[in-house]
Amino acid sequence: MTAERAPEQDLPYDVFSKACPSRGTLEHVTGRWGALTLGALHEGSLRFNELRRRVDGVSEKMLSQTLHALERDGLVHREAQPTNPPRVDYELTPLGHEVTERLLALIRHLEGRMGDVLAARERYDEMRGGR
C-alpha cells in the first residue's frame with residue numbers, strides 16, 4: 001500500500017516562481033544568519049548561548065527567529081531538557097547536514113577566492129571614482 005501524496009507534492013518546485021515554497025527555505029538557508037547558524041551547528045550540538053557566541057554579531061532576537069525558521073524547515077532539531085534551569089540544545093537534522101555540506105562547500109570556495117574578490121572590488125571602486 002502506498003501513501004497518498006498531497007497535490008502540491010506532485011508539482012515540480014521552482015525557486016524562481018514567486019509562489020514556490022522552496023524560495024522561503026532558500027532565504028532561510030542563504031541569509032546571513034541562517035548560513036552562519038547552519039555552519040556553526042555543523043560542528044556539533046550547541047546550546048543557544050554557545051551558538052550566539054559562535055555566530056559573532058547576531059542578536060538574541062535574530063538568532064531565535066533564525067532557529068525557529070530552520071527548525072520549521074526541518075533543518076534544525078531543538079531538544080529541550082526538563083532541568084532547572086531548562087537546557088535547550090540545537091543540532092542539525094539529517095536534511096540539515098545535507099544542506100549544510102553544500103553550503104559549507106560554497107563558503108570554503110568563497111573564502112579561498114577572497115583575494116580575487118577584493119581585487120575586483122578595488123578595480124570596480126577605482127573605475128567608479130574611488131568609492
Query raised in the report: In the range 31-82, what residues are under 14 Å from the mean Cα position of the chain (by Cα) and either modelled with pLDDT under 95 or among the small types (G, A, S) (or both)?
Result: G31, R32, G34, A35, G39, A40, E43, S64, A69, G74
Query raised in the report: Can you find a residue in the range 87-95 that is part of a helix (DSSP H, G or I), within 30 Å of G74 (Cα to Cα) and either touching a strand residue (DSSP E or B) at 6+ places or on another chain (Cβ under 9 Å) or modelled with pLDDT of 95 or more (or both)?
Result: yes
Report task. Can you confirm whether the range 67-77 contains a residue that is outside any helix (DSSP H, G or I), among the β-branched types (V, I, T) and either free of Cβ contacts under 8 Å to residues at least 12 places away in the same chain or surrounded by 12 or more Cβ atoms within 10 Å (Cβ to Cβ) (or both)? Result -> yes
Report task. Mind listing whichever residues of the range 92-111 are open to solvent by less than 80 Å² (accessible area, probe 1.4 Å), of a type outside the set (A, V, I, L, M) and more than 16 Å from T25 (Cβ to Cβ)? Result -> none
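The values are calculated or read from the model by the stated rules, or taken from the named source; none is laboratory data. Keep in mind the model is a prediction, meaning the values are calculated, not measured. Quick reminder, even Gly has a Cβ in these numbers, built from the backbone with ideal geometry, and neighbours come from all protein chains shown. Side chains are part of the model used for accessible areas, which takes the heavy atoms of the whole protein and leaves out ligands, DNA and RNA. Shrake-Rupley method; radii C 1.70, N 1.55, O 1.52, S 1.80 Å.
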